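Below is one structure, written out as structure tokens; comments come after it.
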Amino acid sequence: MTDDKDVLRDVWFGRIPTCFTLYQDEITEREAEPYYLLLPRVSYLTLVTDKVKKHFQKVMRQEDISEIWFEHEGTPLKWHYPIGLLFDLLASSSALPWNITVHFKGFPEKDLLHCPSKDTIEAHFMSCVKEADALKHKSQVINEMQKKDHKQLWMGLHNDRFDQFWAINRKLMEYPAEESGFRYIPFRIYQTTTERPFIQKLFRPVATDGQLHTLGDLLKEVCPSVIAPEDGERKNQVMIHGIEPMLETPLQWLSEHLSYPDNFLHISIIPQPTD
């Protein structure tokens, strides 16, 4: 893996200033003040919002509280998507702080998975890491790790410990010296304009002629209308971690440096701001 540790650090410590407010129809014993938090882009909502939950529960009666869930401008927020992805997809053109509404009733069963405990988040996270390694190394790296290594990956994310996480994760980012990259790139492409949750296909980082595939090559293959619309004018932004990488960037480099902790590149395709 090429050594751009500053990039890894910048990605890990990315934060989104957020204002949580209680939904107006929730029953409270006194007024609920908003709660402000810097959300880590690489984590999950249900992992980092214990303080939010406690803050609002203080003004509510126990019988009025059921499972917590969050929404932004009417859209329920999927806890199993990383926070940075949710923001890029739904709110990147909004002014900061990001406004999130907190609910304790009316769980939207059709839109969200239940998240009964932190174990649920860990299981989801580890299953993504394993899927990514199946694509990258035919699962060889993750299967050779011990249970304590898997736990260290999770605890690194859980406790926001960059060095603890990367001590293990760097093994998942290596590949044999005779290869030019991973077997396949773990990626998911999300669009707000389609019902499909995301696009995921097998895509190699290196072409048959030995040339490195770029982000542009991936988009041409997977969603060509984004990169070359019929009228010739691009109407979309391609975003990873709140930035628009150049389309000429090699996918292998992006996978090593801009993947989320689950080892996937989560790519948002959003409409260009009209202002």
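The values are calculated or read from the model by the stated rules, or taken from the named source; none is laboratory data. Note that the coordinates shown come from a computational prediction; the quantities given were computed from them, not determined experimentally. Cβ coordinates were reconstructed from backbone atoms using ideal geometry, including for glycine residues, and neighbour counts include every protein chain displayed. To get the accessible areas, we keep the full protein, side chains included, count just its heavy atoms, and leave off ligands, DNA and RNA. Shrake-Rupley method; radii C 1.70, N 1.55, O 1.52, S 1.80 Å.
Before moving on, here are some points about what is shown:
- Wholly within segment 160-262, helices (runs of 4 or more DSSP H) carrying at least 2 residues that are surrounded by fewer than 17 Cβ atoms within 10 Å (Cβ to Cβ): 162-172, 215-222, 224-227
- Matching option when the condition is part of a helix (DSSP H, G or I) and touching a strand residue (DSSP E or B) at 6+ places or on another chain (Cβ under 6 Å), among 11, 52: 52
- Here is the figure for segment 55-81: residues that are free of Cβ contacts under 8 Å to residues at least 12 places away in the same chain and part of a loop (DSSP other than H, G, I, E, B) total 2.
- Failed item in (1) under 25 Å from residue 238 (Cβ atoms); (2) at pLDDT 95 or above; (3) out of contact with any Asp or Glu (no Cβ under 8 Å at 6 or more places or on another chain), with residue 70 passing the rest: (1)
Let's see how each residue does on (1) among the charged types (D, E, K, R); (2) at pLDDT 95 or above; (3) assigned by the TED database to the domain that holds residue 194:
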residue: 56; (1), (2), (3): no, no, no
residue: 60; (1), (2), (3): no, no, no
residue: 88; (1), (2), (3): yes, yes, no
residue: 94; (1), (2), (3): no, no, no
residue: 110; (1), (2), (3): yes, no, no
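- Selection over segment 107-151 of residues that are assigned to a loop (DSSP other than H, G, I, E, B), open to solvent by 30 Å² or more (accessible area, probe 1.4 Å) and under 24 Å from residue 164 (Cβ atoms) gives a count of 2.
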